[in-house]
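The values are calculated or read from the model by the stated rules, or taken from the named source; none is laboratory data. None of the values given here were measured: they were computed from a predicted structure. All Cβ positions, glycine included, derive from the backbone under ideal geometry; neighbour counts span all protein chains shown.
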Amino acid sequence: MTDSGSKKGLLLSIAIALLVLFNGMQLYRIMSEKPAASAVKPKNDADTAHVPIQINVLNGCGTSGVGTTMTKFCRQAGYDVVEMGNYKSFDVEESMVIDRSGKLNDAKYLASTLGIKPKNVIQQFSNDHMVSASVVIGKDFKNLVPWKK
């Protein structure tokens with residue numbers, strides 16, 4: 001091997017060694033870091049109860065003012081009420097929560113918070129709804145938590 005060939009080989013070997021050393025240090029740094037707080041997953045479903053979900057409140061009984069009362073209560077409970085309006089009819093006997101996002105546990109927790117019976121939590125998916133859940137106020141509204149305060 002010529003003198004210039006051995007110098008190139010030595011330089012190449014040193015460059016490879018430095019590259020391996022650098023990559024090893026980076027890998028060690030990544031492996032030894034603690035995960036960021038935002039990357040830590042909750043331990044169970046109860047840990048996500050503090051995360052506000054977006055809901056809408058719909059009057060299904062026809063009584064004036066029930067939507068406003070329910071909206072105020074839900075906001076105080078930490079829910080993000082993005083819409084208030086009327087349901088498709090005013091003949092809803094029992095209030096209900098409609099899960100629109102597939103997060104049934106969140107819908108059940110919302111129903112529990114409002115005093116709505118677990119049997120009145122239903123799933124109904126639609127691309128027309130941009131909320132996680134809908135609260136439909138029925139004729140039994142006086143039995144719900146916002147009216148028992």
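Determine which member of the set Val40, Val66, Val97, Val20 is farther than 30 Å from Val136 by Cα, among the β-branched types (Val, Ile, Thr) and at pLDDT 85 or above.
Going through Val40, Val66, Val97, Val20 in turn, the sole match is Val20.
Could you tell me whether any residue of region 115-127 is among the basic types (Lys, Arg), assigned to a loop (DSSP other than H, G, I, E, B) and without any contact (Cβ under 8 Å) to a residue 24 or more places away in the chain?
yes
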